[in-house]
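Just so it is clear, none of the values below were taken in a lab; they were calculated from the coordinates. Bear in mind the structure is a predicted one, so any value in this text is a computation, not a measurement. Don't worry about glycine lacking a Cβ; one is built from the backbone with ideal geometry, like all the others, and counts go over all protein chains shown.
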Amino acid sequence: VETVNQRWGKASSAGFAAVPNALIHAQAELGLSANDMVVVLNLLSHWWYGRRTPFPSSTLIAKRSGLGIRNVQRSLKRLREACLIEPVTRPEGGTRYEFGGLLSATEEKALTHSWRNGNFEERTSNPATDPFKGLTGWSVD
């Protein structure tokens, strides 16, 4: 299996974010707009340690993504209202973001759907007894 460094070369030296395919493939089912996804990806790019949730500012996300600050704020509000993220005020100022809802929703999609023939579709097997049936991965050819 290729490593991230083999696949991306020197571009990965600046770091990378782990994003499950289920999140990408289930974007529409999760109700994530393109702007929402850009905001989620920016949040995830700051989540370096499992228990230390990220705290990038709306301004930073807007600057990096090219979205207007109000668009970022609207996406954060939609994500919060959909219970996908939970903003928590930091004692030292700013907001950190917890992903409990996003993790649960993405995990549910991963366990009940699979990527087949270019479609993200309902799983026909029980992943509890056959976790790899119907899953396809990348080829390293």
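Do any chymotrypsin sites (Phe, Trp or Tyr not before Pro) in segment 29-79 lie in a DSSP loop with no more than 13 other beta carbon atoms within 10 Å, and if so, which?
Of the chymotrypsin sites (Phe, Trp or Tyr not before Pro), the ones in loops of segment 29-79 whose Cβ has at most 13 other Cβ atoms within 10 Å are Trp48.
Sequence-distant or interchain residues sharing an amide H contact under 5 Å with Thr95, placed H: which?
Arg90
Show log10 I(q)/I(0) for segment 68-111 at q = 0.18, 0.24, 0.26 Å⁻¹, two decimals, from a solvent-free Debye sum over equal Cα scatterers.
Rounded to two decimals, the profile gives -0.60, -0.86, -0.92.
Quote the relative contact order of segment 70-116 in percent (integer), defining contacts as alpha-carbon pairs under 8 Å separated by 6+ residues.
26 percent
Could you tell me what fraction of 2.2 N^0.38 Å the Cα radius of gyration of segment 27-101 comes to, as a two-decimal ratio?
1.02
To the nearest 20 Debye, how big is the dipole of segment 1-100 about its Cα centre, given +1 on the beta carbon of each Lys and Arg and -1 on that of each Asp and Glu?
Once rounded to the nearest 20, the dipole reads 340 debye.
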